[in-house]
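See below for the structure under consideration.
The values are calculated or read from the model by the stated rules, or taken from the named source; none is laboratory data. Keep in mind that this is a model prediction, so the values were computed, not measured. Glycine also receives a Cβ, built like all others from the backbone with ideal geometry; neighbour counts cover every protein chain displayed.
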Amino acid sequence: MTPSQEPPPSIDDPFDYLERRVAPQRKWHAAKARWNKQRFYGTEITTLVAGALIPVVNLLALGPYWAGLFSGLLGGVVVIATAIGKLFKFQENWLQYRALVETLDREVEMYMNGVADYAKADQADRNRLLVERVENLLATNTSTYVAAHRDDKATAPVTSSPTANG
């Protein structure tokens, strides 16, 4: 059979589902968690360092012009780094993605070891239960992400109306 003629994967083959669906989802979410964690720490460290340097710059004998200029620039860095962190929700995304990865790992471990609800079911029911739970986790995670990012747009202040004729 050619790849286009292969039958669709069966729910009765759990390892196919684990390799085809769970492993790539876990890998993608782990990478996104890592990326968001790095951005979160980057913006936080930038804010911390720039904020801590403001009084140091003011104590240096640079003269009032240069001290004011550097203090203002550092203050701007603090504001921009803080705004970027809040706008893109690096911390929230990192924690959400990380939690999903851990929950997927836990679900797979329970399935593989036949514990909790998986202990009470035969193999076909265990496979179906695994698919249902993983797909529910992924759907819930997606809905939570969309809702969190949609709320930003719904609560953002309106600065102008496209129909206003100034």
Notebook entry, point to check: With respect to Thr103, is the statement that it is within 29 Å of Thr43 (Cα to Cα) and at pLDDT 95 or above true?
Noted result: yes
* Asked: Would you say Arg21 is in a helix (DSSP H, G or I), within 25 Å of Arg150 (Cβ to Cβ) and touching a residue at least 24 places away in the same chain (Cβ under 8 Å)?
  -> no
When every residue in the stretch 126-166 that is of a type in the set (Val, Ile, Thr) and either part of a helix (DSSP H, G or I) or closer than 16 Å to Asn93 by Cα (or both) is compared, the one modelled with the lowest pLDDT is Thr155
Just checking, does the stretch 92-104 include any residue being touching a residue at least 12 places away in the same chain (Cβ under 8 Å), over 11 Å from the mean Cα position of the chain (by Cα) and closer than 20 Å to Arg133 by Cα?
yes
Looking at this structure, is Ile54 in contact (Cβ under 8 Å) with a residue 12 or more places away in the chain and buried (at least 16 other Cβ atoms within 10 Å of the Cβ)?
-> yes
Considering the stretch 90-104, residues that are crowded, with 17+ Cβ neighbours inside 10 Å and hydrophobic (A, V, I, L, M, F, W, C), and then whichever is farthest from Arg26 (Cα to Cα), we arrive at Phe90
Counting only residues in the stretch 105-135 that are touching a residue at least 24 places away in the same chain (Cβ under 8 Å) and of a type in the set (S, T, N, Q), the one surrounded by the most Cβ atoms within 10 Å (Cβ to Cβ) is identified as Asn127
Quick count over the stretch 3-24, residues being among the polar types (S, T, N, Q) and either modelled with pLDDT of 95 or more or touching a helix residue (DSSP H, G or I) at 6+ places or on another chain (Cβ under 6 Å) (or both), is 0
Gly63 meets each of (1) on the phi > 0 side of the Ramachandran plot; (2) surrounded by 14 or more Cβ atoms within 10 Å (Cβ to Cβ) with one exception, condition (2)
- prompt: In the stretch 59-78, is there at least one residue being modelled with pLDDT of 95 or more, assigned to a helix (DSSP H, G or I), within 26 Å of the chain's Cα centre (by Cα) and not charged (D, E, K, R)?
  reply: yes
